[in-house]
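The values are calculated or read from the model by the stated rules, or taken from the named source; none is laboratory data. Because the structure is predicted, anything quoted here is derived from the model rather than measured. Please note: Cβ atoms are built from the backbone with ideal geometry, for glycine as well, and neighbour counts cover all protein chains shown. Areas reflect the complete protein model, heavy atoms only, side chains present, ligands, DNA and RNA absent. Shrake-Rupley method; radii C 1.70, N 1.55, O 1.52, S 1.80 Å.
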Amino acid sequence: MAANEWINGYLEAILDSGASAIEENKAGPGVNVRDRGHFNPTKYFVEEVVTGVDESDLHRTWIKVVATRNSRERSSRLENMCWRIWHLARKKKQLEWEDLQRLANRRWEREQGRKDVTEDMSEDLSEGEKGDVLAEAVSLDSPRKKFQRNSSNLEVWSDSNTEKKLYIILISLHGLVRGENMELGRDSDTGGQIKYVVELARALAKMPGVYRVDLFTRQVSSPEVDWSYGEPTEMLSTGADDADLGESSGAYIVVRGEPYLRKELLWPYIQEFVDGALAHILNMSRKQIGGGQPVPYVIHGHADAGDSAALLSGALNVPMVLTGHSLGRNKLEQLLKQGRQSKEDINSTYRIMRRIEAEELSLDAAELVITSTKQEIEEQWGLYDGFDVKLEKVLRARGRRGVNCHGRFMPRMAVIPPGMDFSNVVVQEDSAEGEGDLMALTNSEGSSPKAVPAIWSEVMRFLTNPHKPMILALSRPDPKKNIATLLKAFGECRPLRELANLTLILGNRDDIDEMSGGNASVLITILKLIDKYDLYGQVAFPKHHKQSDVPEIYRLAGKTKGVFINPAVIEPFGLTLIEAAAHGLPMVATKNGGPVDIHRALNNGLLVDPHDQQSIADALLKLVSEKNLWNECRRNGLRNIHLFSWPEHCRTYLTRVAACRMRHPQWKTDTPADEMAADESLNDSLKDVLDMSLRLSVDGERTSLNETLDVAAAGNNSEVQDQVKRVMSKMKRSEPGARDSDSDKKLTDTPSKYPMLRKQRKLIVIALDCYDDKGVPEKKMIQFIQEISKAIRSDQQIARHSGFALSTAMPMPELTEFLKSGNIKVNDFDALICSSGSEVYYPGEDGKLCPDPDYASHIDYRWGLDGLKKTIWKLMNTPEGGKFRQSSNVIEEDLKSSNSHCLSYLIKDLSKVYFVRWRLNVANMYVILGETGDTDYEEMISGTHKTLIMKGAVVKGSEELLRPTASCLRDDIVPRDSPLVAYTKEGSKAEDIINTVRQLSAAGM
């Protein structure tokens, strides 16, 4: 204990100086002993040592030490505290050192990446390119000039675009979403993003040329929430007022999924959600919109829905737009800086690695990323591997000049501030009317007080003098919103308490004990602080409010000449600041994040450091006490608020989206092979939105002609005979080839199984690659294929309407030879997916193989073959002395298995597109796998298709070699105990396999 004698002595000195000030000062702000002119050891210890190590138990021990009179027990407790202080201080320094190391490593990696890219891009930039990049860098200081410069070559969306019929998809997965009476603040997932996406959908539907906007979210059928969240669709608005677009035009909320889960638990259900969304989109594209146009026009993913948007965008070949709202890497760094949890604990609580992986995928797939502020681009997206601010400008300049970018791509970033609905805003000029309203509430005399909004009465029942200016804070009860610091600033500033009231609108609550841990903790802290500073009669904190009450709350604050405050530690944008400005309220806001850009545009308040409660108190006092300043800020906000209107936002939005590069091939849904099924659909997706079938028939599955004739022959039912006549008449009216795409003509004219595959009800996909340690396919794979084929054919009902597809990593020549060795013909299959998904072939009756040309162009999108080869070449070589020496003992290229879209290498040192292309209902697909596989193995399991896993079939997979241990867990991708996943016993025969298939069929009904 000798090494800690100084701590013992220091603690004794504190006790000798008197401990009476501890209770008074323990919750106060940070102390700067040099600025205050005297040194208070008690205050310094409590605030610098205890707060610094963030250990509440330490403070409780300290209180016990103060109260202890026995000298031996007191000495023992002091010694215990010394060891704990030493341990915590060492832990804190270790965390700080690790944080510095992580930042240094990231900085080195980014610089090294820039150097590598510079080496790859051997062609120097032309003078024009250098000028472009330089001009953009200079214009960063002036956002307005930057926007003008970037938009100069864009055709601004015009109100005359009424001839267009755009179908826009928005996706927002987490939280409770509905169009009216949004329960913002109910939980941590139901916040400002919900309001943003709903109002964006409404505003886009009103724009000229927009036919329909669908907002996809998750359906919630639970007794814990209102029944309206379980409705399959909700109409938000009709289309443009002056356009006659049809009965289905407008904005809608379309829901998929059942239980309400917090966003960290949604990841295993992404594939299932995408399957359902894809069925609805194809239905809408075929029947409601049509016109032969490639639809939808764009798919826009919000926050955690970026992963879903990327999958839909890839399957449908349409541009993707991404809005991050809040990002995983930024959250991870903030949590690590706090030092309360390790990286493993953070990942376990927030599924942060799965979230980051999804955001990287979304960033790679997006054509355009929309942000609310410039800070979001530089400080948040700049943390990701898929985006670099400087490199993006270089790539953009090279793209404009037609210079090779060696396969590198980064999405375009566009700052488009959110809009606001001004329909409920009523800004009144200064008059006595506001005072009259307030007098009516507080005047007990008189017979008939003036009618006022109910929320006013609810707020003012807390206040002793409601005439004082109101300081208004409106947010979720989230620790990041920093409400506790605001309350401390108000409680410790006596002039502010005497001059103003404080109103806290913190979502809706019934019982704090039933709320989530973080929200409950914030509310309990607020109640304790109100009691500590004796703020009864000065602070209002109502339990409930409706979304329609929010404008009235702003209006009440404006009538009292109050101030709106957002003290969040960091605010991505700050939509409430715009709402407050529209109602004539000056603002005090955090200087971290979006409020900086809002203040630059509106100039209607003051920015503060959210950690400095004295700065917060001074700013509030300044605004409520200086009436000239208050009036100036009010006028500035009202004068400039039009910059944040929804029409302006949507016009810029559509202008940016129109500049996105379209993907190829642009898919069409109006092929003759599906005309009969299309005519028999329910004709309105609002009625059959829960139907997962792409056949869109009344019974959920397309009835074949032969089946219809068989049923008609079985009896004299007049309804059945009428159905037969109707089908036959449609066949006579159809004109084959009239509306077929070029690629479909080519495949239809070629004698292959492609037309037949599109008519099947079910699809059996066999993905059972079995290789030995040398990479040679094992003969037991032949046995598994034969047993599966025998099992399916043993059930005539299943075999009659089922197609067969084989998916393998083998190239076509090797696969052909392998199947021939087992006496299996290639035309036993309807489709062959070869070379790890890079080729699709349709066997003909004569054994000839026809490649799918559209699929080749589909996967060619953003395929940088040369750049990928260079990157792999670098991995195959080791740098030494500034030069590269060949190290051929690691990996070598497998030329036999490679093609133009698949690079195969030998390691010497030890699915949605088919849904659209083949018109097959995903719910009727059966994928047969082994117990292990490649890195995409988990993605092949999750979804609405059925998965049959054969035990003992595949012993060795490659996912362990390619997927790092720090990556996301399998439970973050595949839902547990899914009824759509079944297993067969090791060594199962045909009878066992077909019984398992029947079991899966029954589970999916």
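Cα centroid distance between the stretch 621-635 and the stretch 755-806, in Å?
Between the Cα centres of the stretch 621-635 and the stretch 755-806 lies a distance of 75 Å.
Where does each of TYR252, TYR260 land when they are ordered by accessible area, with a 1.4 Å probe and the largest first?
TYR260, TYR252
Beyond 15 Å, what percent of the Cα pairs of the stretch 165-242 remain?
So the pairs more than 15 Å apart make up 56 percent of the total in the stretch 165-242.
Keeping all protein chains in place and using 1.4 angstrom, which order do SER362, SER188, SER836 fall into by accessible surface area, from largest down?
Largest accessible area first, the list is SER836, SER188, SER362.
Along Cα→Cβ, 7 Å out, is where each label goes; now give me the distance between the ones at LEU643 and SER898 in nm to one decimal.
Modelled inter-label distance: 5.3 nm.
From the protein chains alone at 1.4 Å, what is the descending order of accessible area for PHE462, PHE804, largest first?
Sorted descending by solvent-accessible area, the residues read PHE462, PHE804.
Using a Förster distance of 30 Å, how high is the FRET efficiency between THR233 and ASP977, based on the Cβ-Cβ distance and rounded to 0.05?
0.55
Using a 7 Å offset from the Cα along the Cα-to-Cβ direction at both LEU868 and GLU626, what is the distance between the two label points in nm, to one decimal?
6.1
Taking every pair of distinct Cα atoms and averaging 1/r, then inverting, what Kirkwood hydrodynamic radius in Å comes out for the stretch 333-374?
12.1
Give me the number: length gained by fully extending GLU514 to LYS91, i.e. 0.36 nm times residue separation minus the C-alpha to C-alpha distance, one decimal in nm.
Fully extending the segment from GLU514 to LYS91 adds 148.9 nm.
I want to check the label-to-label distance for ASP772 and LEU361. Put each point 7 Å from Cα in the C-beta direction and report it in nm to one decimal.
3.5
Please give the solvent-accessible surface of MET470 in Å², to the nearest 10, using a probe radius of 1.4 Å with every protein chain present.
10
Contour minus end-to-end for ASN105 and LYS546, with contour as 0.36 nm per residue of separation and end-to-end as the Cα-Cα distance?
Full-extension gain reported as 153.9 nm.
Any chance you could look up the accessible area of ARG555 with a 1.4 Å probe, heavy atoms only, rounded to 10 Å²?
So the heavy atoms of ARG555 present about 50 Å² to solvent.
How large is the accessible surface of SER548 in square angstrom, using a 1.4 angstrom probe and rounding to the nearest 10?
70
Would you kindly compute the Cα radius of gyration of the stretch 509-632 and its largest Cα-Cα separation (Dmax), both in Å?
Cα radius of gyration and Dmax of the stretch 509-632 are 15.4, 46 Å respectively.
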